[in-house]
Amino acid sequence: MNGPEAQDQNAAREKAYNRGCMWGMSGNDDSHCPYQDEELARWWLIGWQDGHSAWQDRSDQQTKASC
């Protein structure tokens with residue numbers, strides 16, 4: 001698949017990933033995925049995992065700095 005359809009699909013995946021990443025970076029859990037579409041839900045979850053990992057790293061650093 002090439003052309004506008006592929007671009008639209010890639011944009012939808014990127015949006016799902018970014019939304020998941022922002023949700024995870026806020027420290028929220030992964031139980032509130034807004035997507036019903038299986039592929040977009042998967043991209044959202046990947047983003048959430050990356051964002052949540054960054055949130056945990058930031059939280060760990062703040063905890064160490066306050067000790």
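General observations
- Qualifying residue in the range 25-37 (condition: of a type in the set (Gly, Ala, Ser), touching a residue at least 24 places away in the same chain (Cβ under 8 Å) and on the phi < 0 side of the Ramachandran plot): yes
- Residues that are over 30 Å from residue 60 (Cα atoms), part of a helix (DSSP H, G or I) and touching a helix residue (DSSP H, G or I) at 6+ places or on another chain (Cβ under 9 Å) within the range 14-39 comprise just one, 39.
- Members of the range 31-46 found to be more than 13 Å from residue 12 (Cα to Cα) and surrounded by 14 or more Cβ atoms within 10 Å (Cβ to Cβ), listed by number: 33, 45, 46
Conditions (1) open to solvent by 60 Å² or more (accessible area, probe 1.4 Å); (2) among the hydrophobic types (A, V, I, L, M, F, W, C), marked per residue:
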{"residue": "4", "(1), (2)": "yes, no"}
{"residue": "14", "(1), (2)": "yes, no"}
{"residue": "18", "(1), (2)": "yes, no"}
{"residue": "22", "(1), (2)": "yes, yes"}
{"residue": "25", "(1), (2)": "yes, yes"}
{"residue": "51", "(1), (2)": "no, no"}
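The values are calculated or read from the model by the stated rules, or taken from the named source; none is laboratory data. No experiment lies behind these values; they were computed from the predicted model shown. Quick reminder, even Gly has a Cβ in these numbers, built from the backbone with ideal geometry, and neighbours come from all protein chains shown. These area figures cover heavy atoms from the full protein model, side chains too; ligands, DNA and RNA do not enter into them. Shrake-Rupley method; radii C 1.70, N 1.55, O 1.52, S 1.80 Å.
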